[in-house]
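Asks: The structure under discussion is supplied below as structure tokens; questions concerning it will follow.
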Amino acid sequence: MDVLTPRTLDEALRLRSEHPDAWPIDGGTDVLVELNFDRARPPALLNLSEIRELKGWSRENGTLRLGAGLTYTQCRQDLRDVLPALAEASRTVGSPQIQNRGTLGGNLGTSSPAGDSLPPLLVEGAEVELASVRGERRVPLEEFLVGPKRNAMLANELIVAVRVSPSGARQTFMKVGPRNAMVIAVASLALSADRERGELRAAYGSAGPVPKLVTAPLAERASFAERVAEAAQPIDDVRGTAVYRRHALRVLTTRALERCAA
Amino acid sequence: MRTVSAPARKLEHGRVGESVLRVDAIPKVTGEFAYSSDLFAAGMLWGHTLRSPHAHAEIESIDISEAVSMPGVHAVLTHEDVPGKKLYGLEFADQPVLAINRVRYFGEPVALVAAEHPEQARRAAEKIQVQYQPLEPVVDPERALEQEDLHPERPTEEAGYFNDPRSNVVRTIVIRHGDPDAEGEVSVSGVYELGIQDQAFLGPESGLAVPDGEGGVDVYVATQWLHVDRAQVAPCLDLRPEQVRIHLAGVGGAFGGREDLSMQIHGALLALHTGRPIKIVYTREESFVGHVHRHPARIWMEHRANHDGKLVNVRVRILLDGGAYASSTTAVTSNASSFAQGPYAVANALVETTSVYTNNPPCGAMRGFGAVQVCFAHEAQMDKLAAELALDPVDLRLRNAIAQGDILPNGQRITGSLPVAEVIRRCAALPVPEPEALPRDAIRLPGGAGNVTRGEGVKRGTGFAVGFKNICYSHGFDDYCAARVRLFADASGELGAEVHCAAAEVGQGVTNVILQVARTELELENITLAPHQTATVDSAGSASASRMTWMASGAVQTACRAAREELESRGGSLASGDEVDVERVYRHPQTWPLDPETGQVQGERAHVAFVCSAMKAVVEVDTELGLTRVVWIGTAQDIGRAVNPQAVYGQIEGGTAQGLGLALMEEIQTRDGLITNASFTDYLIPTALDMPPVDAVLVEEPDPDAPYGAKGVGEPPTVVATAAVVAALRDATGLELTRAPVRPDHLAGLTA
């Protein structure tokens, strides 16, 4: 297997168009598991970990631009005040070692129904910035996620960044798993209570084919837990039952409202 | 010729009873320890095992023609290439080296490939064309008793067991004690169930087989009993035992899962076939089918007692699923039967235990060995009985605690040390920590890093459990351990010693035990332990049944004393170049089998000795989400005498974690016999956040039959931890919780 290691974004985009079968890899916390379990044998890996343009985050006017290579550890440490739910979600990812390696871009690229960063980004109305040799486009995260482990990225594109305009609303993230650390979510929830817009915004994970946003006017708080639970499309699998997942979302939403809209 | 006197350096530290740093501690922590997966030999090839994707199927044909012509491939072998016996097994040879016409479990080895690169071997294995005709798998152990025999030749039938004519029976034991129909003033009953637990050792099965150029082979492997490996490997290769030399390679955890063979015969076959060293390392996914697991169990129990709390009659029916091959199922069956009533004196009992063959994953030895399952049930029953009688659960246990002179249901009288009442009292007296104030960091609440509660829905509960089990092999097994001691004058003229013992260091710390015993007996500082191998010393028996401390201590002590006598007979000193070299075998007190009809022991003892433990667990449960934080564990454990106290505490903590895992999360899940969670992503074991601090009290009442009075310590914490943690969950939730592991949906009250 070839490993292509571009040093600049331009070089990466060129390699991407020349090798559309190559798998983009950064921290490797998803890709290497797939390879180790022999679930896939991509002809090449496109190693993005050397590209400076993908690192870190910046502020442009009121918008945050989070590089695809931003690690969970950085989210945890740097974004606690501006995107608290994303920071909380980052703390739930794997172990500290995984948080040091894993990146937002990777979580978006994998597009797992259980991706921990996805619900908080949905709640904050994030947009995914995609680039190819032909140029750039932005896709709302809601449209980017199209199915379990499927997204709107084209074969010649790379995820470059995530753009978020922080709402400033009170928000939280919670994740249910049968172990107290290092679990894949059995169900997760991000919720914000946006008083300016008069809106409750919740997004669930691991309870449907894709993480999904559910909104309601603030005034409908009383029925919101039920609305989130009903919006979910959970299944039974080795990690939990559909009944439990729906139940958990109801409990999580109720508790999140206590935290954010009390 | 120069004469030296012994010893030149005075022994300062490291005798029996002192805390000594593990000899492998620093290399393991720094990552320099060489595990069996780190082995390397010049010119080696990589072996790979093609495994069955079916739980039960006929093999219509195997075509290897495409695979053998793949790049880098040196050999592709099937059962036809096994030169000697085609079947092997730890106790009964019922398992094919490579599948013959039929596969009986998911992951059963079908063919082998050797290639220059592991990826080449894997790709070649994919090109082996196996035509399977899938058959209906036998997956329900109760139905198995009426379904077609998976082993029509009934391999365990002539072993002197109760003759049970039902289908698929591996072994049935019926123990009748006193009047099995005796009535009590009250009665409680329940049905309990345990899922399949995996040893989940971190070092996957791995090893290196090196042909010696003269028809023989050296196998370097992570195992628990070198000599029993040789006894199984040699006949299948059609070699004499001495042509097969087994060497212990670095073991990354065992817990019973390395008692059975994994890659030993396969690696040796490929090595002899290709003339090249063969390395085999299982992947994590493969490891889940590469070893046996803890038997899942369904247990019915009825406890009859009088109003004063005294047990009158314990009636038990146990069904164990042994999976596709026998492994050590017959011994697990007898252990479950022996300890079913718990460490309590009861005048009447009826215990019926049956283990069956199915097409589920094969089960065999795992830490606790049958005692874990029954402890979960009998302790739930004792709590139920206490509630029924409105008695304090600790008092009820004390009232019934078995003691010296009491008779077990199998007829054995307790003779050695078994301080059940003492461990109960000492454990009950441990102060329970006060609840921590809110608010707290999420990681100190149920759900941990998941940040799900700030105290909402959280209830606290306390549970208590007592359990016991045997030490050493039982029921007439000729259980022995050899040790060899060489005394010599080293280069500087100082007296030195080298100890040979084939006791497998599986992480339990037997290396230190051996060295501490040798230092104590020889009063020498300069002692080395030779590499563990079959070629230089006789068998040590298995690193199993909490026996290795007892047995290795006995053997090394005996050999050291013989060496000293020999030295003294030569005037107490050695000329340089001279040496003393003695080998001695230690045997523990004799045991006898059970009568196949009555289940009564046919001699003085069925078991050599017993060890007991009591544990108290405090949990916090998020009752709405069904998530748990185990807050604290206190335990008092009978250990006879601590050879290395620091290591004893380590064993207690590790054993507790494994029992806690079975209580809360560890379960191999199957669908129609196929494992659905063969990874550490979905087979969860406790992390540091799930494991509480453990306050351990060592109860040292030396066993009169044990060298230095020291009993084993590895299993008792695992036996009681599952029961104690689930008892605490019941206390917190008020739910019955009859199945382990307890899942969040059970705790949240969503499923019964």
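The values are calculated or read from the model by the stated rules, or taken from the named source; none is laboratory data. Note that the structure is a prediction, hence the values are computed from the model and not measured. Note that we place each Cβ from the backbone using ideal geometry, even for glycine, and neighbour counts take in every protein chain shown. Ligands, DNA and RNA are excluded from the accessible area calculation, which covers all protein heavy atoms including side chains. Shrake-Rupley method; radii C 1.70, N 1.55, O 1.52, S 1.80 Å.
Asks: Do you know which residues across segment B:689-724 are surrounded by fewer than 20 Cβ atoms within 10 Å (Cβ to Cβ) and over 19 Å from residue B:646 (Cα atoms)?
Replies: B:689, B:704
Asks: Residues A:174, A:182, A:153: which one is of a type in the set (A, V, I, L, M), more than 27 Å from residue B:684 (Cα to Cα) and either touching a residue at least 60 places away in the same chain (Cβ under 8 Å) or assigned to a loop (DSSP other than H, G, I, E, B) (or both)?
Replies: Going through A:174, A:182, A:153 in turn, just one is of a type in the set (A, V, I, L, M), more than 27 Å from residue B:684 (Cα to Cα) and either touching a residue at least 60 places away in the same chain (Cβ under 8 Å) or assigned to a loop (DSSP other than H, G, I, E, B) (or both): A:153.
Asks: Also: Which of (1) surrounded by fewer than 23 Cβ atoms within 10 Å (Cβ to Cβ); (2) within 14 Å of another protein chain (Cβ to nearest Cβ); (3) in a loop (DSSP other than H, G, I, E, B) does residue B:631 not meet, given it meets every other one?
Replies: Going through the list (1) surrounded by fewer than 23 Cβ atoms within 10 Å (Cβ to Cβ); (2) within 14 Å of another protein chain (Cβ to nearest Cβ); (3) in a loop (DSSP other than H, G, I, E, B), residue B:631 breaks only (3).
Asks: So, in segment A:60-76, how many residues would count as being at pLDDT 95 or above and open to solvent by 30 Å² or more (accessible area, probe 1.4 Å)?
Replies: Final tally of qualifying residues: 4.
Asks: Where in segment B:194-294 are the strands (runs of 3 or more DSSP E), entirely inside, with at least 1 residues that are touching a residue at least 24 places away in the same chain (Cβ under 8 Å), open to solvent by less than 10 Å² (accessible area, probe 1.4 Å) and more than 25 Å from residue B:80 (Cβ to Cβ)?
Replies: B:206-211, B:244-248
Asks: Now for a different question. Quick check: is even one residue across segment B:629-640 closer than 30 Å to residue B:176 by Cβ and within 22 Å of the chain's Cα centre (by Cα)?
Replies: The answer is yes; a qualifying residue exists.
Asks: While we're on this one: So which of A:161, A:203, A:169, A:187 ends up being more than 8 Å from chain B (Cβ to nearest Cβ) and within 30 Å of residue B:619 (Cβ to Cβ)?
Replies: A:187
Asks: Residues that are among the hydrophobic types (A, V, I, L, M, F, W, C), assigned to a strand (DSSP E or B) and under 23 Å from residue B:525 (Cβ atoms): does segment B:576-598 have at least one?
Replies: Yes, the conditions are met somewhere in segment B:576-598.
Asks: Can you name every residue in segment B:585-622 that is surrounded by fewer than 21 Cβ atoms within 10 Å (Cβ to Cβ) and touching a strand residue (DSSP E or B) at 6+ places or on another chain (Cβ under 6 Å)?
Replies: Hits for segment B:585-622 are B:585, B:587, B:592, B:598.
Asks: Tally time: how many residues in segment B:671-700 are assigned to a loop (DSSP other than H, G, I, E, B) and within 10 Å of another protein chain (Cβ to nearest Cβ)?
Replies: Taking segment B:671-700 as the starting set, the residues that turn out to be assigned to a loop (DSSP other than H, G, I, E, B) are B:672-673, B:676-693, B:700.
Subsequent filtering for residues that are within 10 Å of another protein chain (Cβ to nearest Cβ) retains B:676-691.
Within segment B:671-700, residues that are assigned to a loop (DSSP other than H, G, I, E, B) and within 10 Å of another protein chain (Cβ to nearest Cβ) number 16.
Asks: Could I ask something else about it? Every residue in segment A:234-253 that is among the small types (Gly, Ala, Ser), at the interface with chain B (Cβ under 10 Å from one of its Cβ atoms) and more than 21 Å from residue A:192 (Cβ to Cβ), please.
Replies: A:240
Asks: Just give me the residues in segment B:152-193 being in a loop (DSSP other than H, G, I, E, B), farther than 21 Å from residue B:332 by Cβ, open to solvent by less than 30 Å² (accessible area, probe 1.4 Å) and among the small types (Gly, Ala, Ser), in sequence order.
Replies: Those that are in a loop (DSSP other than H, G, I, E, B), farther than 21 Å from residue B:332 by Cβ, open to solvent by less than 30 Å² (accessible area, probe 1.4 Å) and among the small types (Gly, Ala, Ser): B:182, B:184.
Asks: Give the residues of segment B:416-453 that are facing chain A (nearest Cβ under 9 Å), under 32 Å from the mean Cα position of the chain (by Cα) and not hydrophobic (A, V, I, L, M, F, W, C), sorted by residue number.
Replies: B:446, B:447, B:448
Asks: Only one residue in A:30, A:2, A:38, A:10 is open to solvent by 50 Å² or more (accessible area, probe 1.4 Å) and at positive phi, so which one is that? Before you say what the answer is, go through the steps one by one.
Replies: On the way: A:30 fails: at positive phi; A:2 fails: at positive phi; A:10 fails: at positive phi.
The unique qualifying residue is A:38.
Asks: How about segment B:646-670: which of its residues are facing chain A (nearest Cβ under 9 Å) and either farther than 24 Å from residue A:96 by Cα or under 17 Å from the mean Cα position of the chain (by Cα) (or both)?
Replies: Start the filter on segment B:646-670 by keeping residues that are facing chain A (nearest Cβ under 9 Å), which leaves B:664-665, B:669.
Correct list: B:669 only.
Asks: What single numbered condition from (1) open to solvent by 10 Å² or more (accessible area, probe 1.4 Å); (2) free of Cβ contacts under 8 Å to residues at least 40 places away in the same chain fails to hold for residue B:350?
Replies: Going through the list (1) open to solvent by 10 Å² or more (accessible area, probe 1.4 Å); (2) free of Cβ contacts under 8 Å to residues at least 40 places away in the same chain, residue B:350 breaks only (2).
Asks: Separate question: For segment A:77-141, which helices (runs of 4 or more DSSP H) that fit wholly inside it have 1 or more residues that are within 14 Å of another protein chain (Cβ to nearest Cβ), open to solvent by less than 40 Å² (accessible area, probe 1.4 Å) and free of Cβ contacts under 8 Å to residues at least 60 places away in the same chain?
Replies: Of the helices (runs of 4 or more DSSP H) lying wholly inside segment A:77-141, those with at least 1 residues that are within 14 Å of another protein chain (Cβ to nearest Cβ), open to solvent by less than 40 Å² (accessible area, probe 1.4 Å) and free of Cβ contacts under 8 Å to residues at least 60 places away in the same chain span A:84-92, A:96-101.
Asks: Within segment A:53-76, which residues are free of Cβ contacts under 8 Å to residues at least 24 places away in the same chain, closer than 19 Å to residue A:10 by Cα and charged (D, E, K, R)?
Replies: Result: A:55, single match.
Asks: Please tell me if residue A:193 is open to solvent by less than 50 Å² (accessible area, probe 1.4 Å), aliphatic (A, V, I, L, M) and within 14 Å of chain B (Cβ to nearest Cβ).
Replies: Here the answer is no, as residue A:193 does not meet what is asked.
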